[in-house]
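Some notes on the structure that comes next.
Values quoted throughout were computed directly from the atomic coordinates according to the rules given, and no laboratory measurement underlies them. Since the model is a prediction, treat every value here as computed from it, not as a measurement. So basically every Cβ, Gly included, is an ideal-geometry build from the backbone, and we count neighbours across all protein chains shown.
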Amino acid sequence: MHRCLRCSTQCDDNVRYCPNCGSNLAIDDMKSTVQRQYRTKIKRLEIALLLSIFLPGISYFYLELWYRGVLFYLSYVIFFLVLGLKSGLYQSYAHNVNSTHIAMLIIAIYFLIYVFQVIDVIKRTNMINEGKIIF
């Protein structure tokens, strides 16, 4: 079984073109062989997991997933800016809103993002080590 590099469809060995996207599998096989020889990297799951637990976001830079690390930190900045603006509006216009509810919302959202980031780092590390993410 071959895997098409363009659409990741599993194709039979005797098929020359991908049935899903029409890509030439003979060229894809040659490319994938070269990529596996020269571009496969091994990242240690323990290091990635420790970084994601103690320094959220830094683990993406260890995995060389630069765009994910930058987007992770940009999302935090935007989230806290929007939340700060909304909190200021709530304090100004709605005197009956309890500030502890807003604080609990912030903590809950931060915890969910933290947990999903740890799970994503584990998945991405395994994908890199299996050769599904090639540099």
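Computed from label points 7 Å out along Cα-Cβ, the spacing between residue 13 and residue 100 is 6.7 nm. Residues 124, 44, arranged from fewest to most other Cβ atoms within 10 angstrom of their Cβ, appear as 44, 124. Counting every other Cβ atom within 10 Å of each residue's Cβ, 100, 9 order from fewest to most as 100, 9. Per-residue Cβ neighbour counts within 10 Å put 70, 121 in the sequence 70, 121, beginning with the fewest.
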